[in-house]
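Written below as structure tokens is the structure these notes are about.
The values are calculated or read from the model by the stated rules, or taken from the named source; none is laboratory data. None of the values given here were measured: they were computed from a predicted structure. Here Cβ is always computed from backbone atoms with ideal geometry, including for glycine, and neighbour counts include all displayed protein chains. These accessible areas exclude ligands, DNA and RNA; they are computed on the full protein's heavy atoms, side chains included. Shrake-Rupley method; radii C 1.70, N 1.55, O 1.52, S 1.80 Å.
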Amino acid sequence: MYLLFIVVIMGVMIMRRDTSLVCIIGIFTIGLIVKGSVYLALSGIFHSFIYAITELLGTILIISIIVAMSRILLITGINEVMVAPITTLICTPFQAYWITGLLMMVISWFFWPSPAVALLGAVLLPAAVRAGLPAMGVAVAMNLFGHGIALSSDFVIQGAPRLTATAAGIPVQSVVSASVPLVFVMGLVATATAYWLLKRDIKEQADFSRCETAELSYASYAPPGEEQGANLRNILPVRVKKVLAVLVPGLFFLDVAIMYAADLQGGDATALIGGTAVFILVLITLLVYRNQSLEKVTAYLIDGFTFGFTIFGPVIPIAAFFYLGDAGINHIMGQVLPPPSEGIVNDIGLAIAGLVPLNPAVGAVTLTLVGAITGLDGSGFSGIALAGSIAHLFATAIGSGIATLTALGQIAAIWVGGGTLVPWALIPAAAICGVSPFELARRNLLPVLAGLAVTTIVAMFLI
């Protein structure tokens, strides 16, 4: 029955429909089978949601805090000062593409890609356009480096690896380590292919859509509790902005050094980043709002949590179902599996190992396809739990490669659905650059497909 619902969920995703209802029905059905009681099966739905939220809470919390901090950096103009020195280096289309992309990648590791688009777009877009890179090229760079490389690797916040690692039943650090070569190959192939295509089109003087004003409208975001269009860009003196522009990235780079020195990983590393973000939010709020800071800190945190739960709301029922495939079923439904069992997925993997001669090539291709299919809903995150579960299943059958398969499924899902190919996931970058999200998705298609093909081949040798 569990396998049947996995097939149904994948079919629903292919049709670009929401899978939450299917997952809820799946949880109820599994509960009815193992408990033999309607009211216990209904209770199992709620317990599965609690279990999923408990597992995801750290990820939701860190993203919410990062977004809350990014809001105040955006409206005060501190972000503009932070990246201003970089704009002086942008003189050619080549420099514009790679500097925009690399800076987007680094900042996305710390701030998450969607806030990073807003933080960088206002400053880098005009500079890149003046250097000769069309607005479409800027959008492609921000997408591939931010929503592609940074989000699929997620080395710092580690939200994506935590989801897939939990579903696969392995440590987060195992997924992070296994993803490094795959992320490098995927990123290099996709970004280099995209630049080659852009360069060819520039030479042919193709008709690119340009941003009319080349500026980000800060009226699109009002500080919490204030009227639309209000902003605080002129409140802080320039000297104070410069100090904060150095302090903010300096604190995060200090966090990285502490992680390395103290060997902080997983939740401990995330906690350090989150605490630093809260400190920065409080510090800037005190400087800007002064006697109103008590209320404003709360308002910004609420704003961040609203964003976090909006993004992860659809993920909770999906994750709840796929946690049933591992030992989570015993936490949710009680001790329903026999003692030798390590979870439904593991049992299925052992059964397949005795029936089907799986090999690394079949496993790698399957995980890439599964990841890409799950990304079609435009979330990127909603299906990576499925990728982790299937990686566990296939690795058990093959006898090795669980971390590599998990990382491969994660990369495929997020590159497709996290903001590079699905048009409705491209809206932030497309809106800031003034281009069509559908045209942007078309521009990204060939580079992403090329990257996935090469990465899958490399994974076959690493399993």
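Brief remarks follow.
- For the range 232-338: relative contact order, % (alpha-carbon pairs under 8 angstrom, 6 or more apart): 18 percent
- Couplings 3J(HN,Hα) for the range 81-90, derived from phi with the Karplus relation 6.51 cos²θ - 1.76 cosθ + 1.60 (θ = phi - 60°), are 5, 4, 9, 4, x, 5, 5, 6, 8, 8 Hz, where x marks Gly and Pro.
- Top positive-direction residue, dipole computed over the chain with Cβ charges, set Pro437, Thr54, Trp109: Pro437
- In Å², nearest 10: area of Lys203 left accessible to a 1.4 Å probe: 150 Å²
- Phi to ³J(HN,Hα) by Karplus 6.51 cos²θ - 1.76 cosθ + 1.60 over the range 299-314, Hz, x for Gly, Pro: 4, 5, 5, 4, 4, x, 5, 4, 5, x, 6, 5, 6, 9, x, x
- By average C-beta atoms within 10 angstrom, highest first, the peptides 62-73, 250-261: 62-73, 250-261
- Of Thr374, Thr88, the residue with the largest accessible area leads and the full order is Thr88, Thr374 (1.4 Å probe).
- Distance between the range 1-63 and the range 82-120 - C-alpha centres, whole angstrom: 39 Å
- Assigned charges on the beta-carbon of Lys, Arg, Asp, Glu; the chain dipole about Cα centre (debye): 680 debye
- Measuring nothing but how far apart in sequence close Cα pairs (under 8 Å, 6+ apart) lie, relative to its length, the chain scores a relative contact order of 25 percent.
- Value of relative contact order over the range 57-207, rounded to a whole percent, pairs C-alpha under 8 Å and six or more apart: 23 percent
- Two-site label geometry, Leu287 and Thr29: point separation in nm, points 7 Å out along Cα→Cβ: 5.6 nm
- Rounded to the nearest 10 square angstrom, Leu449 shows an accessible area of 90 square angstrom against a 1.4 Å probe.
- Candidate lysines - alpha carbon under 28 Å from Lys241, same-chain residues fewer than 8 apart omitted: Lys296
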